[in-house]
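What follows is one structure encoded as structure tokens, with my remarks underneath.
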Amino acid sequence: MANLLLLFIVVPAVELALLIEVGERIGTLNTIALIVVTGVLGASLANRQGLATLRSIQDATARGEIPANAMIDGVIILIAGALLITPGILTDVVGFLCLIPAARNAVKRHLQHRFERAVKEQRIHVVTNVYDGRVDRPPMRDVTPKPGDARPLRRDD
């Protein structure tokens, strides 16, 4: 609930305050121009990086690999594009940061850490498909670590 409050009340209020402040300093028309330019530039950059990520996903799939990293990159780039076309200064800064590979990698590490912690605390259960050659639905296997399991999670689990 706190996250929704932050998303729908606090962020727009901060954006509005920033836009008013910038408008007072550089003028209304310049502020509007800034919003339009960052939106167009951001959408263009997100589009270019998104297409490159899509090619990376296709290449990995063609090699028989699971393109997990590229897929996460794609989601972050998609979110960055949405933030960049949203009028505002704070959203533009966050959106542009998500388009920088080093910052995007930091976001991925943070998300991975949160996911691993949620699995360890059993707030998330991980279930995988195990295909045994049947044509119908394969059985599901719960791979969530149980209390007392000594084996840490590995990337290939």
Cβ-placed point charges (K, R +1; D, E -1), dipole of the stretch 32-142 about Cα centre in debye, nearest 20: 160
Per-residue HN-Hα couplings for the stretch 21-32 [Karplus 6.51, -1.76, 1.60; θ = phi - 60°; Hz; x = Gly/Pro]: 5, 5, x, 5, 7, 10, x, 5, 5, 5, 5, 5
Phi-based couplings in Hz for the stretch 80-89 (Karplus 6.51, -1.76, 1.60; Gly and Pro marked x): 4, x, 5, 5, 6, 8, 7, x, x, 8
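Coordinate-derived values only; no laboratory data. Because the structure is predicted, anything quoted here is derived from the model rather than measured. Heads up, the Cβs are rebuilt from the backbone with ideal geometry, glycines too, and the neighbour counts pull from every protein chain shown.
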